[in-house]
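Structure record follows, encoded as structure tokens.
The values are calculated or read from the model by the stated rules, or taken from the named source; none is laboratory data. Bear in mind the structure is a predicted one, so any value in this text is a computation, not a measurement. All Cβ positions, glycine included, derive from the backbone under ideal geometry; neighbour counts span all protein chains shown.
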Amino acid sequence: MWLAIPRGWPCLAALDSPSQTTRSPNRAEIAVSVILFIAALAFHAWGVSVGWKSRNLPGVEFRQAQTALSTYHINQDDRFDLAYPTPVLGKPWSVPMEFPLYQWTVVVTSRITGLGLTKAARAVSIACFYLALPAIFLLLARWAVPPGRRWLVLALVVSCPFYIFYSRAFLIETMALMFALWFWVAMERAVAGRRLGWLALAIVAGCGAGLVKVTTLMIYLIPVLLWCGLRLWQGRRDLGWRGDLRWMVAALAPAALSAGWWVVYADRIKAANPMADFLSSENLRDFNLGTVASRFSGELWAQKLQIVTWQLTWLPVLLGAVLLPLLGGRQLRMGALACLLVFAGALVLFPVLYAYHEYYFVANAVLLLLAAGLGVVGLMETARGRVIGLIVALVLCAGQAYRYVAHFYPDQRGISPGGNSLSQLLQAMTRPKEVIIIAGQDWNSMTPYYARRRALMLREEATRDMPRIDAALHELADERIGALVITGRPWRELFPLVSRLAPLGLSPEPWLAWGDTWVFLPQDRWLETVLWLEGAPPPGVGLVPGTRLPAAMTGSWREYSALGVEQQQLFASMQPAPRRFLCTFEPQVRGSGKDAAFSLHPWTRLVFPLPAGAHTLRMVLWFDPSSYQVAAGEDPTDGVGITALSRRPGETPQVLRRWHLDPAAQPADRGAQPVVLEFTLDHAGDLELIVDPGQHGRDTRDWIWIQNGLSIN
């Protein structure tokens, strides 16, 4: 049996049916209410589908990218453990924040449905939001709202523009909200009704809310604990309060214990990372829970007020949440006031989080909407308020729909592949298993996520702490560094960092720039960099002004047709002759005529014009034995790379084949090496042969030759 609370506290009463004073809704009113809810739900379903195919993450994209990055690597690594990867601060890659239930659910949903991770994440978030609606429906019983009028309150919730925008975000918020609302409902019903089913639901939902997002649970503990306290106070004169207390502890303790356990466990994992100390619960205490100063900060309250008035809903809905309850009965008026107080209590309890992160309002904006909804219901319970209440509900829902179309829709409707020119650059010029080091972007996960790379991100204070950087680099000793990215400052200010990475294979100066961002790449990737720039690089990406690539690429191109007769004889062993060529050293020939040997010492680039059709390249490569048979203490050749490309003007070159010959390390590469390459050109174009110093970028004793000519038929 539900507990009767004094009329001074009707907002906390747990009632299961309308009071005697309620003017019950008639059939027409119920029908209109249901139709309005269905229309609002349909609008919500349409809104969350806007931009469905887009891979970008509008709305606090930096936070969505962090969740998305963890989910991506859980899926890639097939790693469903508690120390889940969030590879932005180096090794060990795990810096767990929330319990990964949402991320795991997204991965499983993606695998079952075949949806990409972004679409699967949106589907999970939307499903959690919809699953929270029945809890709100049941919760309205505690304020004696007749079932027929609860649809109006739900219509206000689902038409809210803020929830349309964020209920599809790649975030944990709607899952935490779903758990918290069901915990609220189940907790009260379990205690008041002594029902094991409700108790089980309260335990599951409470643990879910505490693990997924403890700050959301803490908000809904406010009304729950007040209800518990008042119930115990009312039962103090009999022994019934002891049973209530046992049921309360049984429902509350698992949520509190699971949340506390997760904080301790996550701190232990973070402590293993030399760059993650700032994320410990101790260091984040003032940021998460605030201080006395932050609770009274005018600046922070101004930021929160701006979010409330500009982001959450249509302004008349805010006014309705405050003014409409004044027109209804006392019970609904007090219920609306309680919702408003808990809504505001979240802003006091977490003063910094709600000022800086608008998505935190997913947890408590529903309370604002409940206050407005209770006001509408209260208006309908007055003598002449039925029709007026329905009209007000319709106007508020329509106004929220208009607010979504005017404010959120433009940001959501665009279709984007995700990321920017920098992430495209990094994805193109690094390998999937390589690590990128980023300075000047704090620990914003957007660049690593869209580039699909693991990262060591250096926050501002870390860039000045070389011992910590050395410790982080030591952890990466068995990893390949794919790029160094410096944003927002002259790169020479971080020369100590650059100098530490150069011995690991990175260029000592940046080759590429994008806006105020400098990009350093591996020295053995200069050919690839030049070929990529010759294609169609992303907008705004180019060579750093004044930067010279390694000297082997500074030789000038020569046209065969511009050579003298004697110079053209150098290429007599090639059929056809190259249209143009670039050689680091003067072309050398041994012998004469068609059987002459031609030196391919890196760098050498030969471009042959060919018609459309099937072709066969034939040549014999040979290393001078003195290149790998050297005296003790001398360095032999470390081999060369040979690449065959097909080219057409305005198109990205296509690699037909890549060879690497290293006679010093591979005895099989010694002596004559016949090469036969069959390929087909759909259109007339060029075949380019490129000989480079190989993967180590060293051209010492790279004495390789084409013997007995080259032919392309």
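Miscellaneous remarks
- Unique match (being hydroxyl-bearing (Ser, Thr, Tyr) and closer than 19 Å to Leu710 by Cβ) among Thr652, Thr643: Thr643
- Residue pairs meeting the criteria (Cβ under 6 Å; at least 6 apart or on separate chains; first on the phi < 0 side of the Ramachandran plot, in the stretch 601-620; second among the basic types (Lys, Arg) and assigned to a loop (DSSP other than H, G, I, E, B)): Val607/Arg579; Pro609/Arg579
- Boolean, Val655 is buried (at least 18 other Cβ atoms within 10 Å of the Cβ) and either under 44 Å from the mean Cα position of the chain (by Cα) or assigned to a loop (DSSP other than H, G, I, E, B) (or both): no
- Ile438 vs. criteria of a type outside the set (Ser, Thr, Tyr) and not in a helix (DSSP H, G or I): yes
- Subset of the stretch 125-145 (residues that are crowded, with 22+ Cβ neighbours inside 10 Å and under 19 Å from Ser54 (Cβ atoms)): Ser125
- Residue check for Leu379: over 30 Å from Pro538 (Cβ atoms) and either touching a residue at least 60 places away in the same chain (Cβ under 8 Å) or over 27 Å from the mean Cα position of the chain (by Cα) (or both): yes
- Hey, Trp703 under 20 Å from Pro587 (Cα atoms) and assigned by TED's automatic domain parsing to the domain that holds Pro609 or not: yes
- The stretch 66-92 - residue that is surrounded by fewer than 19 Cβ atoms within 10 Å (Cβ to Cβ) and part of a loop (DSSP other than H, G, I, E, B) and, of those, modelled with the lowest pLDDT: Arg79
- Which numbered condition Gly418 fails, given (1) farther than 24 Å from Leu171 by Cα; (2) small (Gly, Ala, Ser); (3) not in a helix (DSSP H, G or I): (1)
- Residue within the stretch 391-408 that is hydrophobic (A, V, I, L, M, F, W, C), under 30 Å from Asn26 (Cβ atoms) and within 29 Å of the chain's Cα centre (by Cα) present: yes
- Checklist (1) part of a helix (DSSP H, G or I); (2) out of contact with any Leu (no Cβ under 7 Å at 6 or more places or on another chain); (3) touching a residue at least 12 places away in the same chain (Cβ under 8 Å) applied to Gly197, failing item: (3)
- Of the residues making up the stretch 684-698, those that are closer than 12 Å to Asp662 by Cα and surrounded by 19 or more Cβ atoms within 10 Å (Cβ to Cβ) are Pro693, Gly694.
- Arg431 meets all of the listed conditions (1) modelled with pLDDT under 95; (2) assigned to a helix (DSSP H, G or I); (3) in the same structural domain as Leu533 (by TED's automatic domain parsing) but one, namely (2).
- Boolean, Thr700 is among the hydroxyl-bearing types (Ser, Thr, Tyr), over 17 Å from Phe608 (Cα atoms) and within 46 Å of the chain's Cα centre (by Cα): yes
- Scanning the stretch 694-713 for residues that are over 23 Å from Ser646 (Cβ atoms), touching a Phe, Trp or Tyr at 6+ places or on another chain (Cβ under 9 Å) and of a type outside the set (Asp, Glu) turns up Gly697, Arg701, Trp703, Trp705, Gln707.
- Of all residues in the stretch 48-65, those being in a loop (DSSP other than H, G, I, E, B) and either assigned by TED's automatic domain parsing to the domain that holds Tyr166 or under 23 Å from Ser159 (Cα atoms) (or both) number 9.
- Any hit, the stretch 677-694, residues being in contact with a Gly (Cβ under 8 Å, 6 or more places away or on another chain) and farther than 28 Å from Leu506 by Cβ: yes
- For beta carbons closer than 6 Å, sequence separation of 6+ or different chains, a first residue in the stretch 330-353 that is in the same structural domain as Leu140 (by TED's automatic domain parsing) and basic (Lys, Arg) and a second that is crowded, with 19+ Cβ neighbours inside 10 Å and assigned to a helix (DSSP H, G or I), the qualifying pairs are Arg333/Pro325.
- Check on Gly320, under 30 Å from Ala406 (Cβ atoms) and either part of a helix (DSSP H, G or I) or among the aliphatic types (A, V, I, L, M) (or both): yes
- Subset of the stretch 576-602 (residues that are part of a strand (DSSP E or B) and either among the hydrophobic types (A, V, I, L, M, F, W, C) or over 53 Å from the mean Cα position of the chain (by Cα) (or both)): Phe581, Leu582, Cys583, Val589, Arg590, Ala597, Phe598
Conditions tested, residue by residue: (1) touching a Cys at 6+ places or on another chain (Cβ under 6 Å); (2) farther than 19 Å from Leu133 by Cα; (3) surrounded by 16 or more Cβ atoms within 10 Å (Cβ to Cβ); (4) of a type outside the set (S, T, N, Q).
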site	(1), (2), (3), (4)
Ala190	no, yes, yes, yes
Arg194	no, yes, no, yes
Ala200	no, yes, no, yes
Gly206	no, no, yes, yes
Val214	no, yes, yes, yes
Ile219	no, no, yes, yes
Val224	no, no, yes, yes
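- Filter pass, Arg452 being surrounded by fewer than 19 Cβ atoms within 10 Å (Cβ to Cβ), modelled with pLDDT of 95 or more and outside the structural domain of Val153 (by TED's automatic domain parsing): yes
- Applying the criterion of at least 3 residues that are under 12 Å from Tyr163 (Cα atoms) and not polar (S, T, N, Q) to the helices (runs of 4 or more DSSP H) found wholly in the stretch 353-409 leaves 365-380.
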